[in-house]
Amino acid sequence: MQFPKDLKFTKNDEWIRVEGDQGTIGITDYAQDQLSDIVFVEMTVAPGEQAAKGAACATIESVKAAAEVFLPVGGTVTRLNEDLPKNPEQVNRDPFGAAWMVQIKIADPAELKDLLDAAAYEAYCKERAT
Amino acid sequence: MTEPLIYDLSAPGRLGVSLPETDVPLAPLPAGLTRDVLPLPEVSEIDVVRHFVRLSQLNYGIDTGFYPLGSCTMKYNPKINEDVARLSGFAHTHPLQDPTTVQGNLALMYSVQEWLKEIGGFDGVSLQPAAGAHGELTGILILRAYHRAQGDAKRTKILIPDSAHGTNPASTAMAGMQVVELPSDSRGNIDLESLRAACDATVAGLMLTNPNTLGLFEEHLLEVARLVHECGGLVYGDGANMNALLGIVRPGDLGFDVFHFNLHKTFSTPHGGGGPGSGPVGVVSHLVEFLPGPIVEIVEAGEDDEAPLYGLVMPARSIGRVKAFHGHFGMHVRAFTYMRMQGKSGLRAIADHAVLNANYLRARLRGTYHVPFDRICMHEFVAEGKWDEAPGVRALDVSKRLMDYGFHPPTNYFPLIVHEALMIEPTETESRETLDMFVKAMEAIAREARSDPDVLHTAPHNTPFGRLDEVRAAKELVLCCRPAWLEGAKAE
Amino acid sequence: MAYIPHTDDDRRDMLAAIGVGSLDDLYQAVPAKYRFPDLDLPEAISELEAASELQALSEANLDVRHNACFLGAGAYHHFTPSVVDHILRRNEFYTAYTPYQPELSQGTLQAIFEYQSLICNLTGMEVSNASHYDGATALAEAVILALNQHRGKRHKIVLSPAVHPHYRQTVRTYMQGMDLKIVGDDDCCRGPEELLPFIDADTAMVAVQYPDFFGHIVDFHRLGEVAHAAGALLCIVVNPLALGLLRPPSDFDADVVVGEGQPLGIPLSYGGPYLGLFTTKQELVRKMAGRLVGETVDSRGQRGYVLTLTPREQHIRREKATSNICTNVALMALASAVYLSVMGRQGLRQVAELCYHKAHYAAAEIGRVPGFRLWNEAEFFNEFVMACPQPVAEINEHLLEHEIIGGYDLGAEYPQLAGHMLIAVTEMNSRDEIDDFVAALEEAAHD
């Protein structure tokens, strides 16, 4: 189970990679493992759209579950991963790389403070498994 | 072992039926509105019959063997019900016929209404909802309408235990209300403290299944109902598990204000591979005027020995129709026949033997399968399909292996609050011998889980089909087939 | 005790295994005050007695086998080939549960896959679900689909008054908890042209019926264009039997096609169970209510079928599900699949033409009776509206004396149409029957 140290995490199993004022968002290795084989990914925001922290930005479906992906912090949507809906299995194979979902221009960097670092998120995952 | 699709059995020019010639002058067909291509198969009658008979042979039904699906109440479907529903006087009546021409139907529906009132302890019943979930939506809409009629538009929340069937929160959302989930306590009841904290002036009601989806009678039911009523809310009862309560206790007496019955569970109407069912709704007196309609009422009392005149009446402040016409009358006929034959003592015997059978299985299996809430259960109980000594073996594997022993598996993965849940409901129509054979199979599987887990992982082996690839079905969506010649025809 | 196999010995041994003394001991958890109520219900009777009682009840009705029927309005007396019921009586079909364990349910699953395919091919639509309760609830769920498709940003539905009144009422019942405007159906005479002004950027869906409640066949090309230009979905409610003759609704670029499948081999049965058809374009498949059967393979490489896209449904998605529907009407879907298979391409066309020609003959003959006048000149399928010289209820009373069940009194649901009768004619009405009907109307007109 991977918990990359350069990322920040939410309790809803999203990750965000922060580079300057750009945030790249996806779901974690733990999340894809829980969902099992992903068969469908749909982005529910569009480039140019302003969305708040906690707003839904994508829907994911596996054979046995469906889940919503929420923005860890608010901002303006800049890019969507156009390849991902065509290859949903990437979420299982490369959740932190090729399976990035949404890129935003972060509105308020202060919101990042509420997120978990890799160690805290890993502990949270262990707690849930019991 | 695969059966061709009906389109594969088709050949141009084959006719499956004979129809009379047109005996009237031909009228011109509507210009520009007729179709050129009709992509239906052309199959002879014998091929249609063989096709569907062979398909039926790939199915397992209650009439094949034991079917212990928890919360589904797979009891024997009496054959007399099927004959009666097909009587010409029932099967060939039109729903919009003048009521004076269908007094037999209306009398039958009236009796079903009255008997459900008596069995449930309610003051009004509508037979219109087509299934349990439909009854739930109806019930939530009734709660909503009631509160609004009191001028109380702030009550937007419905409290639902985490053990509830998925239709409960789904129905609530469809009614435009908000779901508030309540945890269960260590004994499988609603957590009273959480309930107490959640009850306030924004609560429209609580949705409760009793016995709950663990097969347990809610231990603080009267207190639960009291708390909800005290804050001004109402209590909705999901009657999926009514089989345990017939003649034992009446939900209306326990504090339920609205309640749905499942005729296709408790009252023996067949499941049909996924319906049709029927989900009548019962209510207490202050909610009668909100029932969906029309319902059957006596519009003129009969003099002396004469039968009364029945009619269809819309309740005064009805939430409205929840479907076209009057409900699944064909299921009302079957349920009527069942209740009429069982009578008062028969209904009580049903509950007694349903509860007896479930507890017997629990007693016989508890040594082999962990039963998390191991006390006297009602008509069903939940066991875990996993063992520490057999890592990697899950409820799914146990279920698939049961098929090799000739049984339909119990309900899997529900309720969500038990890991690797196997919900077992034998029903009252199973003999002790059948139950003993089921126990033997379950014990054999428990041994195999330790000695030869692979045979479970790759089960079923003895069925016409092995495990089906659900991932592929979701990824490569093929939901429909088209005849090969259609593409060519479309291109013209 | 019918259907309970236990002997006294069984009970004794089983109670001992459980560790309680008597059956009553199993109910300690039930509040004592309310335990074991004395139900006021009749006592048990035998199967022989029950059969006799039910026979008598059924004979207290008039039925369409013994009386000529000209009543339609959403439920029709059609010919059902004998094959259909024989298949429905196969125990493995009707005593099976929902096919959650596909290895034991390939019969149901493949039959439903074939049903989905037949309905898609009949309507021209790309995806069909495994059934909804009836045409009315299918339309209500189509409205929910449209609202979800627009993510709750549009709050208006344009509804034709020529959609079945029960369906429109059902839509209003379902939507009473939502902030939604339903417009367009307050004037019975409003045709599709007159609905155009109601369509705007707040419209989620436009819904019409084909043939409509009055029997009319209308071209919806223009309506579809205007709806789509405004970003709204077009939903068409159909009579599937009419589609044996008429252009499929996909020709009008419908996004959702729903309807009532009762005409496809399902008995009248005083209103139910019937069959809700629900189809959409491919792009809407994930928003669809109800079950979907998909093709796949098994572990041995055989083609097989499973329920698919199940995460949309209530048992997984719970309050975020596309619908709360669980039990639908699978056995009725099977009935229609058998009906369409045995009728086939030629049979369905033949039946539709029989209905069409007989209805037009009846309309022409009744139109010759003084006092009766066809309501308008629109094209119709197998139903038409007649203005009558007397109140419809009185005419129908007279018809009953001739063992004829007359048409529907439109005044009940459309006050503007008091004194108008909706008359349906099907392949079950012989020419003689129609002639007798006309003669009886003539008599009624003179009273």
**Report entry** Positive minus negative residues near B:Val371 (Lys, Arg vs Asp, Glu; Cβ under 15 Å)
**Finding:** 0
Query - Dipole of chain B, positive direction: furthest Cα of B:Ala446, B:Ile248, B:Phe52, with charges on the beta-carbon - result: B:Ala446
Requested in this report: Provide, for chain B, the number of lysine pairs with alpha carbons under 20 Å apart, each pair being eight or more places apart or on different chains.
Outcome: 9
Query raised in the report: Given +1 on the Cβ of Lys and Arg, -1 on the Cβ of Asp and Glu, and no further charges, what dipole in debye does chain A carry about its Cα centre, rounded to the nearest 20?
Result: 140
**Report entry** R0 of 51 Å, Cβ-Cβ distance C:Arg35-B:Ile46: FRET efficiency to nearest 0.05
**Finding:** 0.30
Report summary line: With only helices counted (DSSP H, runs n ≥ 4, each -39500 (n - 2.57)), the per-residue ellipticity at 222 nm for chain C, to the nearest 500, works out to -11000 deg cm²/dmol
Query raised in the report: Over all distinct alpha-carbon pairs, what is the Kirkwood Rh of the range C:82-339 in angstrom?
Result: 18.6
Query raised in the report: So for the range B:80-341, Kirkwood radius off the Cα pairs, Stokes-Einstein at 20 °C and 1.002 mPa s: how many µm² s⁻¹?
Result: 114
Report summary line: With x for Gly and Pro, the residue-by-residue ³J(HN,Hα) of the range B:283-291, computed from phi through the Karplus equation 6.51 cos²θ - 1.76 cosθ + 1.60 at θ = phi - 60° and given in whole Hz, is 9, 7, 4, 6, 10, 4, 5, 9, 4
Query raised in the report: Taking R0 as 60 Å, what's the FRET efficiency between A:Met1 and B:Thr202 from their Cβ-Cβ distance, rounded to 0.05?
Result: 0.90
Query raised in the report: For chain B, what is the calculated [θ] at 222 nm in deg cm²/dmol (nearest 500), taking -39500 (n - 2.57) for each run of four or more DSSP H residues and dividing by its residue count?
Result: -11000 deg cm²/dmol
Query - Ranked packing of C:147-156, C:15-24, C:120-129, B:113-122, most packed first, by mean Cβ within 10 Å - result: C:120-129, B:113-122, C:147-156, C:15-24
Query raised in the report: In peptide C:173-180, how many Cβ atoms from other protein chains are near each Cβ within 10 Å, on average?
Result: 6
Query raised in the report: When the Karplus curve 6.51 cos²θ - 1.76 cosθ + 1.60 is applied with θ = phi - 60°, which whole-Hz ³J(HN,Hα) does each residue of the range C:82-89 get, with x for Gly and Pro?
Result: 4, 3, 4, 5, 4, 6, 5, 8
Query raised in the report: If packing is taken as the mean number of other Cβ atoms within 10 Å per residue, what is the order of C:89-101, B:261-273, highest first?
Result: B:261-273, C:89-101
**Report entry** Karplus-derived HN-Hα couplings along the range B:20-33 (A = 6.51, B = -1.76, C = 1.60, θ = phi - 60°), whole Hz, x at Gly and Pro
**Finding:** x, 5, 5, 9, 10, x, 7, 8, x, 6, x, 4, x, 10
Query - Inter-label distance for B:Trp485 and C:Ala412, nm, one decimal - labels placed 7 Å from Cα along Cα-to-Cβ - result: 4.4
Query raised in the report: Lysine pairs in chain C 8 or more apart or on different chains: how many have alpha carbons under 26 angstrom apart?
Result: 13
Query raised in the report: Which number gives the lysine pairs in the range A:11-130 that have C-alpha atoms under 29 Å apart and are eight or more places apart or on different chains?
Result: 16
Report summary line: Residue separation between C:Glu194 and C:Glu394 times 0.36 nm, minus their alpha-carbon distance, gives in nm 68.6 nm
Report task. Neighbouring Cβ atoms within 10 Å as the yardstick, rank C:Asp185, C:Asp255, C:Asp435 fewest first. Result -> C:Asp435, C:Asp185, C:Asp255
Report summary line: Expected sort for A:83-95, A:65-77, B:457-469, B:355-367 on mean C-beta neighbours within 10 Å, highest first, is B:355-367, A:65-77, B:457-469, A:83-95
Requested in this report: Please find the FRET efficiency linking A:Lys105 to B:Lys154, where r is the Cβ-Cβ separation and R0 is fixed at 35 Å, and quote it to the nearest 0.05.
Outcome: 0.30
Report summary line: With +1 at each Lys and Arg Cβ and -1 at each Asp and Glu Cβ, the charge dipole magnitude of the protein assembly as shown around its Cα centre, to the nearest 20 debye, comes out at 2600
**Report entry** Neighbour-count ranking [beta-carbon atoms within 10 angstrom, fewest first] of A:Lys113, B:Lys440
**Finding:** A:Lys113, B:Lys440
Report summary line: Of the residues B:Val224, B:Val125, B:Ala324, the Cα lying farthest along the dipole of the range B:80-341 towards its positive end, which is defined by charges on the beta carbon of Lys, Arg, Asp and Glu, belongs to B:Ala324
Query - Only Lys, Arg (+1) and Asp, Glu (-1) charged, at Cβ; the range C:82-339 dipole about Cα centre in debye - result: 740
Query raised in the report: Per residue of B:70-82, what is the mean number of Cβ atoms on other protein chains within 10 angstrom of that residue's Cβ?
Result: 3
Requested in this report: Sort out for me the Cα centre separation of the range B:403-444 from the range C:330-389, rounded to whole Å.
Outcome: 51
Requested in this report: Work out the charge dipole of the range A:8-123 with +1 on the Cβ of Lys and Arg and -1 on the Cβ of Asp and Glu about the Cα centre, then indicate which of A:Met101, A:Pro47, A:Gln90 is farthest towards its positive end.
Outcome: A:Pro47
Query raised in the report: So how far apart, in nm, are the two label points at C:Asp85 and A:Thr76 if each is 7 Å from Cα heading toward Cβ?
Result: 7.0
**Report entry** Ranked list, fewest to most other Cβ atoms within 10 Å of each Cβ, for C:Leu241, B:Leu29
**Finding:** B:Leu29, C:Leu241
Requested in this report: Would you give the gap between the C-alpha center of the range B:223-273 and the C-alpha center of the range C:391-411, rounded to a whole Å?
Outcome: 42
Query raised in the report: Roughly how many whole Å is it from the C-alpha centroid of the range B:300-342 to that of the range C:134-156?
Result: 31
Requested in this report: Just tell me how shielded B:242-248 is by partners: mean number of partner chain Cβ atoms within 10 Å of each residue's Cβ, no decimals.
Outcome: 3
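Bear in mind that the values in this text are calculations on the coordinates, not laboratory data. Bear in mind that the values here come from a model prediction, so they are computed numbers and not experimental data. Ideal geometry is used to build each Cβ from the backbone, glycine not excepted, and the neighbour counts take in all protein chains shown.
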